1. Across the stretch 75-100, what is the number of residues that are without any contact (Cβ under 8 Å) to a residue 24 or more places away in the chain and touching a strand residue (DSSP E or B) at 6+ places or on another chain (Cβ under 8 Å)?
2. Test of understanding: among R68, R73, R57, R48, which residue is of a type outside the set (A, V, I, L, M, F, W, C), surrounded by fewer than 19 Cβ atoms within 10 Å (Cβ to Cβ) and within 26 Å of Y227 (Cβ to Cβ)?
3. Looking at L64, L99 in this structure, which one is modelled with pLDDT of 95 or more and in the same structural domain as D35 (by TED's automatic domain parsing)?
4. Taking the residues in the stretch 203-220 that are surrounded by fewer than 18 Cβ atoms within 10 Å (Cβ to Cβ) and hydrophobic (A, V, I, L, M, F, W, C) as candidates, determine which candidate is farthest from M157 (Cα to Cα).
5. Residue check: is A110 small (G, A, S) and within 18 Å of R73 (Cβ to Cβ)?
6. Of everything in the stretch 101-122 that's in contact with a Pro (Cβ under 6 Å, 6 or more places away or on another chain) and of a type in the set (A, V, I, L, M), which residue is surrounded by the fewest Cβ atoms within 10 Å (Cβ to Cβ)?
7. Residues A282, A273, A222: which one is assigned by TED's automatic domain parsing to the domain that holds L30 and either farther than 19 Å from P11 by Cα or modelled with pLDDT under 95 (or both)?
8. Only residues in the stretch 114-125 that are farther than 22 Å from P77 by Cα count as the first member; pair them with residues that are outside any helix (DSSP H, G or I), Cβ under 6 angstrom, at least 6 apart or cross-chain, and list the lot.
Amino acid sequence: MKQAADARPRPIRTGLLVCAGSEERIEAALACEADALYLDLESVPEERLPDARAVVRRIVAGDLATGRTVLVRVNSPASGWTLDDLEAAVAPGLYGVVLPKVERSHDVVAIDTLLGFLERRAGVSPGSIIIHPLIETAKAVRRAYRIGRSSSRVAHMGGVSAPSGDLSRALGFQWTAEGLETLYVRSKVLVDARAAGVRYPLSGLAPVEDDLEELRRIALAARRLGYQGMLVGYASHVGIVNEAFTPSRKEIERWLGIVEAAARAREQGARPAFRGRRLDEATVKWVEDNLELARRLRLIERDADPW
């Protein structure tokens, strides 16, 4: 029986949202270089949901998405359609479920329980499907830490924001190019996600399709805050966002040099230094974490001797 290839949380630089109602759009999205494809059932009108669920089932369970990281955004728990969405989505090829409009930890716990039953029925390793809760309301921002801690399945989380999205309506902010109006939310949710042990926090959507310079600025600002990727709504955004969240060759070479210097210093019983600057243990651990991320992104070989 086919199983998921890798049940561990995966780093995602770009999560491309695509409407689940169009198989042609999904096939086109699969051809782009997004790290993950987010099949969106929430944006599908009610009368078209049965057909969209059938498309999701064909994509996730078929060979078309083999080897790709595929998540499905289901309808919110308040909609009454969540279980039907999950039944269509859960198959051995599914990496994760995206849960919109989460307001409390119980929402995630309920989905965790349902996934356990559906995994067994579908022949999927129990606990292997991750959950990505979307923080889209004021209550969710307030309770982000508890939401992140509510299930071991939660691997991605972050402050989702857009000029006319759910969170902007909930908080009443006015979008600006500088992004100061969302800085607190993005920072607060990031801290909560990290404290809750969420492995790969993702930031929210960029607002416009054609302003690629603004997109680059938003993506770089999110990386500087500590996010490791972001959701995008257009295939044209994928390359720029991937670049923003990919460590440069220069960064990787510097990190490898620091690890080498630290290893040699340990062998000699000396305090490590690199290029004339002392290295404390926190710096070395931070560098090791970044190198592990680079390995998971396959930017360097895991078993290669870096020096």
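1. Residues that pass the stated criteria total 0.
2. The unique qualifying residue is R68.
3. L99
4. Within the stretch 203-220, the first condition is being surrounded by fewer than 18 Cβ atoms within 10 Å (Cβ to Cβ), and the residues that meet it are 208-214, 216-217, 220.
Going one step further and asking which of them are hydrophobic (A, V, I, L, M, F, W, C), we end up with 208, 212, 220.
On the way: V208: 22, L212: 24, L220: 18 Å.
So, considering only residues that are surrounded by fewer than 18 Cβ atoms within 10 Å (Cβ to Cβ) and hydrophobic (A, V, I, L, M, F, W, C), the one farthest from M157 (Cα to Cα) is L212.
5. On the way: small (G, A, S): yes; within 18 Å of R73 (Cβ to Cβ): yes.
When the stated conditions are applied, A110 passes them.
6. Ranking the qualifying residues of the stretch 101-122, first place goes to V108.
7. A222
8. From the stretch 114-125, the pairs are G123/M1; V124/P92; S125/Q3; S125/A7.
The values are calculated or read from the model by the stated rules, or taken from the named source; none is laboratory data. Worth saying up front: this structure is predicted, and the values here are computed from it rather than measured. Backbone-built Cβ (ideal geometry, glycine too); neighbour counts: all protein chains shown.
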